[in-house]
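The values are calculated or read from the model by the stated rules, or taken from the named source; none is laboratory data. Just so it is clear, the structure is predicted and the values come from calculations on it, not from any experiment. Here the Cβ positions follow ideal geometry from the backbone for every residue, glycine too, while neighbour counts run over all protein chains shown. Only protein heavy atoms, including side chains, enter the accessible area calculation; ligands, DNA and RNA are left aside. Shrake-Rupley method; radii C 1.70, N 1.55, O 1.52, S 1.80 Å.
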Amino acid sequence: MNIKDKNTEQAILEAAEREFLEKGFEASKTTQIASRAGVTHAMLHYYHGTKEKLFNMIFDRKICLLQESLSMLIQNSDLPLLERIKIGMETHFDFIAANPELPRFVINELIYKPKRREMFASLLKKSARKLLDGMQQEIDREVARGAILPIDAATLLLDAASLNVFIFAALPILRIFIIPPGMNEKDFLEMRKKENVEVIMRRLKK
């Protein structure tokens, strides 16, 4: 594939990603994707075939990104467990801030497409189980020596991810009712990041 073809293919993928993230699969149109990419409708089909094939390519990429974001919460490190969790939560929060449409996009598609839900569950089980088992062993060791309170690793991951994702899912409402007058959004998000970490630390510390 020459440079021109690669550039055209990339332009189509970027346009498709914007269209699917904004509208989901059902409401998206390949004619609109082609227009956004600056190509003809025939060229879009030449490079990527059907709308479903193009969507699956984007969706698979987003699933991988989501898995990577979750692994940030239980990343391997030589740091103490509480410090790892703190850094993991902050990194995950920043990742969602850089990809705010991602959770809503993935959740909507999983709700309305059972086949994708089954595929996602299968992928997540394979990638997360080993990490969760390893983290549970660390948690149990810290509990045994009296350093933290008992908690299931999956519950900890769910609590941490939920706190971070909710802020961005609810941001349109927060802008109206919660963010104090005079505070810019960046400062508010930084404040919430610290608060989310504190919520989890309070849950774990004795």
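Could you sort Met89, Met183 by accessible area so the largest value comes first, with the probe set to 1.4 Å?
Sorted descending by solvent-accessible area, the residues read Met183, Met89.
Of all accessible surface on the stretch 99-199 at a 1.4 Å probe, what whole percent is carbon and sulfur?
Ligands and nucleic acids excluded, carbon and sulfur give 62 percent.
Between their Cα atoms, which of Lys29/Lys113; Lys86/Lys193; Lys86/Lys205; Lys62/Lys194; Lys51/Lys113; Lys23/Lys62 are more than 20 Å away from each other?
From the list (Lys29/Lys113; Lys86/Lys193; Lys86/Lys205; Lys62/Lys194; Lys51/Lys113; Lys23/Lys62), the Cα-Cα distance tops 20 Å for Lys62/Lys194.
What 222 nm value per residue comes from the helices of the chain, counting each DSSP H run with n ≥ 4 as -39,500 (n - 2.57) and dividing by all residues, nearest 500 deg cm²/dmol?
Dividing the helical sum by the residues of the chain leaves -27000 deg cm²/dmol.
Grab the Cα-Cα distance for Val199 and Thr91, subtract it from 0.36 nm times how many residues apart they are, and report the gain in nm with one decimal.
37.3 nm
Search the structure for amide H atoms under 5 Å from the amide H of Ile148, placed 1.01 Å from N in the peptide plane, and list their residues when 5 or more places away or on another chain.
For Ile148, the qualifying residues are Val143.
Quick check for me: using +1 on Lys/Arg Cβ and -1 on Asp/Glu Cβ, what's the dipole size of the stretch 99-206 about its Cα centre, in debye to the nearest 20?
Rounded to the nearest 20 debye, it is 280 debye.
Label Asp133 and Leu149 with points 7 Å out from Cα along Cα→Cβ: what is the distance between them in nm?
2.9 nm
Need the C-alpha centroid separation for the stretch 170-206 versus the stretch 129-168, integer Å.
The stretch 170-206 and the stretch 129-168 have Cα centres separated by 21 Å.
If you take every residue apart from Leu174 with its C-beta less than 11 Å away from the C-beta of Leu174, what net charge results, scoring Lys and Arg +1 and Asp and Glu -1?
With Lys, Arg at +1 and Asp, Glu at -1, the net is +1.
To the nearest Å, what is the center-to-center distance of the stretch 20-45 and the stretch 83-115, using C-alpha atoms only?
Computed from Cα coordinates, the inter-centre distance equals 25 Å.
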